[in-house]
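Laboratory data are not the source of any read-out in this text; all were calculated from the coordinates shown. The model shown is predicted, which means the values in this text are computed figures rather than measured ones. Cβ placement follows ideal geometry from the backbone for every residue including glycine, while neighbour counts extend to all protein chains displayed.
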Amino acid sequence: MTRDMKTAIVTGASRGIGAAIARRLAADGFRTIVNYAADAAAAGAVVAAIAAEGGHALAVRADVSDAGAVADLFARSEAEFGTVDVLVNNAGVTAFGPLAEVRDEDYNRLVAVNLTGTFNGMREGARRIADGGRIVNLSTSIIGHYSPGNAVYTATKAAVEAMTHILAKELGPRGITVNAVAPGPVATELLLAGRPPELIRRLTSEIPLGRLGQPEDIARIVSFLASGESGWVNGQVIRANGGRN
Ligand SMILES: NC(=O)c1ccc[n+]([C@@H]2O[C@H](COP(=O)([O-])OP(=O)(O)OC[C@H]3O[C@@H](n4cnc5c(N)ncnc54)[C@H](OP(=O)(O)O)[C@@H]3O)[C@@H](O)[C@H]2O)c1
């Protein structure tokens with residue numbers, strides 16, 4: 001395996017922000033692992049789109065909340081594309097509702113995917129990513145709002161930001177940077193599914209730039225953080241939200 005191309009894993013890349021990140025990193029020249037948990041057809045479509053654009057990608061199923069599956073994801077990536085250089089911990093889920101009404105299964109799912117899943121990726125990445133590599137985690141700008149209805153989601157992402165700062169210090173001596181991107185409202189299934197159009201209109205009206213984010217807005221930032229150009233950016237959270245907060 002030659003090392004003239006680098007390898008990136010993007011978790012939760014079958015749709016939304018993760019799919020845009022995978023396509024962007026592939027366009028940047030990375031061999032890209034398109035991870036997913038459920039929708040093999042959608043992940044396959046992302047791989048096909050990358051191939052059509054002249055890139056190299058492979059879809060690999062792994063539920064990030066399962067530490068063994070994340071270890072297998074790295075092993076498969078290494079077998080196909082060589083040592084992993086970049087890990088984007090993007091897979092995430094949400095559930096909306098007042099804290100008093102949060103169901104145990106929703107609490108457990110959010111913690112399992114957003115917090116344990118990102119931890120599993122960071123731990124495996126810390127053990128296996130090449131020196132000089134990159135880890136990028138997805139947080140959320142909603143952390144700054146303490147917005148009613150988002151207690152568990154906000155808490156999981158706050159924990160992700162805490163681990164981002166600490167792992168950045170632990171891996172810095174190896175030239176590995178660890179950063180997070182915290183998007184505001186981005187037009188994906190996670191934001192739009194089940195929310196009334198009136199709520200989306202109100203959210204949009206709160207954004208000084210006058211529009212929801214698009215997945216590509218976030219992919220551009222991850223592209224920078226994954227590149228050599230960001231070499232002295234470490235332990236940072238970049239908030240991209242059109243100026244909403
Ligand atoms: N959209 C927003 O407004 C927004 C704002 C701030 C932060 N974010 C963050 O950005 C990230 C991406 O969000 P999105 O809006 O693109 O969400 P999305 O459209 O719902 O996509 C989520 C992706 O995660 C995958 N996934 C879910 N559970 C998984 C698991 N256990 N293991 C592996 N993959 C899993 C899904 O694939 P399968 O269905 O195939 O499993 C899908 O590809 C999340 O971390 C989210 O919290 C989003």
How much mean residue ellipticity at 222 nm does the chain get from its helices, if each DSSP H run of length 4 or more adds -39500 (n - 2.57) and you divide by all residues, to the nearest 500 deg cm²/dmol?
-13000 deg cm²/dmol
Quote to one decimal, in nm, the extra length available between residue 49 and residue 67 on full extension: 0.36 nm per residue of separation minus the C-alpha distance between them.
3.6 nm
When a/c reaches 1.5 or more, the comparison of a/b and b/c decides; with that in mind, is segment 97-153 rounded, prolate or oblate per its Cα gyration tensor?
oblate
Magnitude of the Cβ-charge dipole (Lys and Arg +1, Asp and Glu -1) of the chain about the Cα centre, nearest 20 debye, reported as 380
Report the calculated FRET efficiency for residue 245 and residue 40 (r = Cβ-Cβ distance, R0 = 30 Å), to the nearest 0.05.
0.25
What are the ³J(HN,Hα) values, in whole Hz, obtained from phi via the Karplus relation 6.51 cos²θ - 1.76 cosθ + 1.60 with θ = phi - 60°, for each residue of segment 93-105 in sequence order, with x given for Gly and Pro?
9, 9, 7, 10, x, x, 3, 4, 10, 5, 7, 3, 5
Which length gain, in nm to one decimal place, applies between residue 198 and residue 224 when the Cα-Cα distance is subtracted from 0.36 nm times their residue separation?
5.9 nm
GNM flexibility winner over the chain from 103, 123, 76 (Cα, springs under 10 Å)
103
What value in Å³ per residue do you get for the convex hull of the alpha-carbon atoms in the chain?
120
